[in-house]
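First up is the structure itself, then whatever we jot down about it.
The values are calculated or read from the model by the stated rules, or taken from the named source; none is laboratory data. Everything numeric here is computed off the predicted structure, so don't read it as measured data. Cβ placement follows ideal geometry from the backbone for every residue including glycine, while neighbour counts extend to all protein chains displayed.
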Amino acid sequence: MKEVLAEKLNMPLRHLEILLEGSEIIKYKKNSQLMPNNAVSHQLGYVISGALRTYTITKEGEEFSFLLQVDGDFLETMRVF
């Protein structure tokens, strides 16, 4: 996995290993909620496998999807980074 990530980031493997020293892999079950509505995260994420859907609830109570992230995508709260 490190080699794939290093290639995706165009980063030497030794630099990636330094970055990953302070990282952890968190596995989520399907349909888990990662963050509550309007929360601001101070973490950076990376989708190793699977998909992540970002959505909001409209005033009418309907789900509105506005972002889909899949294998190899980074995720972050844009207001923070």
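Quick check on my filter: what residues within region 5-46 are assigned to a helix (DSSP H, G or I), free of Cβ contacts under 8 Å to residues at least 24 places away in the same chain and surrounded by 10 or more Cβ atoms within 10 Å (Cβ to Cβ)? Outline the logic, then answer.
Here is the first cut: in region 5-46, the residues assigned to a helix (DSSP H, G or I) are 5-9, 13-20.
When the remaining residues are screened for being free of Cβ contacts under 8 Å to residues at least 24 places away in the same chain, the result is 6-7, 9, 13-20.
6, 7, 9, 13, 15, 16, 17, 18, 19, 20, listed by residue number.
Run residue 53 past the list (1) surrounded by 10 or more Cβ atoms within 10 Å (Cβ to Cβ); (2) under 26 Å from residue 2 (Cβ atoms) and report the number of the one that doesn't hold.
(2)
Looking only at region 47-59, which residues are part of a strand (DSSP E or B), polar (S, T, N, Q) and farther than 17 Å from residue 71 by Cβ? Steps first, please.
Just the residues of region 47-59 that are part of a strand (DSSP E or B), to begin with: 51-57.
This time we only want the ones that are polar (S, T, N, Q), so: 54, 56.
Answer for region 47-59, where residues must be part of a strand (DSSP E or B), polar (S, T, N, Q) and farther than 17 Å from residue 71 by Cβ: just 56.
Is it the case, given these coordinates, that residue 49 is modelled with pLDDT of 85 or more and either touching a helix residue (DSSP H, G or I) at 6+ places or on another chain (Cβ under 9 Å) or among the hydroxyl-bearing types (Ser, Thr, Tyr) (or both)?
Values: modelled with pLDDT of 85 or more: yes; either touching a helix residue (DSSP H, G or I) at 6+ places or on another chain (Cβ under 9 Å) or among the hydroxyl-bearing types (Ser, Thr, Tyr) (or both): yes.
Yes: the conditions hold for residue 49.
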